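Notes follow once the structure below has been shown.
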Amino acid sequence: AQSVTQLGSHVSVSEGALVLLRCNYSSSVPPYLFWYVQYPNQGLQLLLKYTSAATLVKGINGFEAEFKKSETSFHLTKPSAHMSDAAEYFCAVSDRNQFYFGTGTSLTVIP
Amino acid sequence: EPEVTQTPSHQVTQMGQEVILRCVPISNHLYFYWYRQILGQKVEFLVSFYNNEISEKSEIFDDQFSVERPDGSNFTLKIRSTKLEDSAMYFCASSDERGRTQYFGPGTRLLVL
């Protein structure tokens, strides 16, 4: 069975500070892992994905994530938060047929 | 850049009425999906569709729901008799390969009164 756990439903960081959004997964097959961002009143936009190539994945808007098999984690990071990063972030795992989403983490950036 | 589109963006309907949500997937994609997101909750899988048939569906996708690809471009989700609890944002997604990146549309916000 596949599942995703996102620790922390709300995260607040100061502008310019490190962003760390946590995601742990369980998967019965080698996982494909994704991070999506949802801005208010908008759809889901792909940030980055891991599909069994390099374990450190770089995405759009300065975000990156590292796949750690031993920890079953795929945490999302950004060195310096920007006001425009305020949004809902969803981690997802694919079992080759459907996506399983985490409950989401709402990121607030404090000026 | 190709994108998934959905219409309408918002729909308000009376309980018991039928609604059809429309999606135009990315043109060379073969795998299509519907998800829903109840306000404040996570995105939930409804159904996947490939080669003109349902490949997988969740427990949410009961007999009140159906999907169709009526022509070469549209992919629709029909709810036959809407219930209050069907109020949600419905997202369509498409993919060019099973299990690979899914590209999501902007969603249709459905409100059942």
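Annotation: A:V4 fulfils all but one of (1) away from chain B (no Cβ under 14 Å); (2) within 24 Å of B:C92 (Cβ to Cβ); the unmet one is (1).
Listed by first and then second residue, the pairs linking a residue in the range A:43-61 that is under 13 Å from A:L33 (Cβ atoms) to a residue that is of a type in the set (S, T, N, Q), with Cβ atoms under 6 Å apart and 6 or more places separating them unless they lie on different chains, are A:K49/B:T101. Whenever a residue of the range A:71-99 is in contact (Cβ under 8 Å) with a residue 24 or more places away in the chain and closer than 29 Å to B:C92 by Cβ, its partners that are aromatic (F, W, Y) and not in a strand (DSSP E or B), lying with C-beta atoms within less than 7 angstrom and at least six residues away or across chains, give the pairs A:L76/A:F63; A:K78/A:F63; A:A87/A:Y39.
Answer with yes or no whether B:K57 is of a type in the set (D, E, K, R) and touching a residue at least 12 places away in the same chain (Cβ under 8 Å). So B:K57 does not fit the description; no.
Note on the range B:2-113: enclosed strands (runs of 3 or more DSSP E) holding 3 or more residues that are among the hydrophobic types (A, V, I, L, M, F, W, C) are B:19-24, B:43-50, B:75-79, B:88-95, B:108-112. Considering the range B:30-59, and only residues there that are touching a Lys or Arg at 6+ places or on another chain (Cβ under 7 Å) and under 28 Å from A:L7 (Cα atoms), the residue that is surrounded by the most Cβ atoms within 10 Å (Cβ to Cβ) turns out to be B:L46. For the range A:92-104, state whether one or more residues are under 22 Å from B:I38 (Cβ atoms), more than 10 Å from chain B (Cβ to nearest Cβ) and over 15 Å from the mean Cα position of the chain (by Cα). Looking through the range A:92-104, none of the residues is under 22 Å from B:I38 (Cβ atoms), more than 10 Å from chain B (Cβ to nearest Cβ) and over 15 Å from the mean Cα position of the chain (by Cα). Under the condition of being more than 15 Å from B:Q14 (Cα to Cα) and charged (D, E, K, R), the residues counted in the range B:56-95 number 8.
The numbers here are math on the coordinates, done by the rules we state, and not lab data. Quick caveat: nothing in here was measured; it's all calculated off a predicted structure. Heads up, the Cβs are rebuilt from the backbone with ideal geometry, glycines too, and the neighbour counts pull from every protein chain shown.
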